[in-house]
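Please read the structure below before turning to the comments.
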Amino acid sequence: MARTARRIAVLLVTGTTFAAGLSAAATADERMQLPPPSRGDSVGHCAVHGPGFVQIAGTSTCVRLGGRVRAEGVTRNGASGTMTGGRATLDVRVPTGLGPMRGYVSGTVNGN
């Protein structure tokens, strides 16, 4: 269990650090603004990256969050148990003077 918690913490710290570095140039007011709700399809220049990308307000950065959660229940010979797991992904695209830059973070957690 401690190993799973450690993996989750590493994933969260890595993703947060990466995202904070990308938005370091934004003022505090810009970071507090959330993009308007969308229908889930790509908008603006983010459409070139594929479905699911949205633009961070006030920047030219496009992000896509993804993941899945799995839970199973098992009963055999009078004994029961559960198995759970999950995966989270963060895909970031930023245009630069040298061309597009991509950041991708993915993590998986499994537990019993």
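Selection of first residues in the stretch 65-94 that are among the aliphatic types (A, V, I, L, M) and of second residues that are outside any strand (DSSP E or B) and loosely packed, with under 11 Cβ neighbours inside 10 Å, restricted to Cβ pairs under 8 Å at least 6 apart or on distinct chains, gives the following pairs, ordered by first then second residue: Met83/Asn112. Restricting attention to the stretch 57-112, the residues being in a loop (DSSP other than H, G, I, E, B) and either in contact with a strand residue (DSSP E or B) (Cβ under 8 Å, 6 or more places away or on another chain) or under 30 Å from Ala47 (Cβ atoms) (or both) number 8.
Readers should treat all values here as calculations from the given coordinates under stated rules, not as data from a laboratory. Not measured: the values here are computed from a predicted model. All Cβ positions, even for glycine, are placed from backbone atoms using ideal geometry, and neighbour counts span all protein chains on display.
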